[in-house]
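Comments concern the structure below.
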Amino acid sequence: MDTLANLLTSLRNAQLARHTATRVPDTKLNKAILEVLVKTGYLSGVISVDATFPTLQATFAADRPMEKIRLISKRGRRVYVSADKIPVIRYGRGMVVLSTNAGVMPGHEAYKKKLGGELLCEVY
C-alpha cells in the first residue's frame with residue numbers, strides 16, 4: 001500500500017468535496033509533506049489527533065486552494081532529478097515536493113541549496 005498516494009488522494013478528494021479539513025494516517029513522510037504544504041500556504045495547519053490510531057488533521061487554507069495535486073514518483077517508477085533539472089510548475093506559481101538527503105522540501109528551496117532528490121508530487 002502506497003501511503004503517499006493515499007495522502008494525496010485524501011487531500012484531493014477533501015478539496016473537491018469542499019471540506020475544511022481532512023484526516024490522514026500519521027507517518028513520518030505524511031507529516032513532512034504536510035509541513036511543506038503548510039510552509040508554502042496550501043494548508044493552514046496540521047495537528048496530531050490521537051483517536052483509535054494516530055492520525056493527522058490537515059486544515060485547508062481558505063485563500064490558496066489546491067487546483068491540482070499529482071503524484072510523480074510511483075512505487076514501480078521512481079523519478080530522481082539533480083538540482084539543475086528540478087521542474088518549474090505553472091511558471092513558478094506551483095511547486096514540486098522533493099525528498100532530498102536534507103529532508104523533504106519544496107523544489108525552489110532544494111534548487112537554492114543545490115540539492116537533488118526524488119520528485120514526490122506537484123501542487124498548483
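For this structure, a couple of remarks:
- The chain: angle of helix 3-16 to the longest principal axis, Cα-based, in degrees nearest 10: 60 degrees
- Modelled this way, with points 7 Å down the Cα-to-C-beta line, the labels at residue 67 and residue 108 are 1.6 nm from one another.
- Sorted fewest first by neighbouring Cβ atoms within 10 angstrom, 99, 10 come out as 10, 99.
- The residue 74 and residue 18 beta-carbon pair, evaluated with R₀ = 25 Å, returns a calculated FRET efficiency of approximately 0.35.
- In the range 3-60, one over the average inverse separation of all distinct C-alpha pairs is 11.2 Å, which is the Kirkwood hydrodynamic radius.
- Near residue 116, once Lys and Arg are set to +1 and Asp and Glu to -1 for all other residues with Cβ below 15 Å from its Cβ, the sum equals +2.
Values in this text are rule-based calculations from the coordinates and carry no lab data. Quick caveat, the model's predicted, so the values are computed rather than measured. No Cβ is skipped: glycine too gets one built from the backbone with ideal geometry, and neighbour counts run over all protein chains shown.
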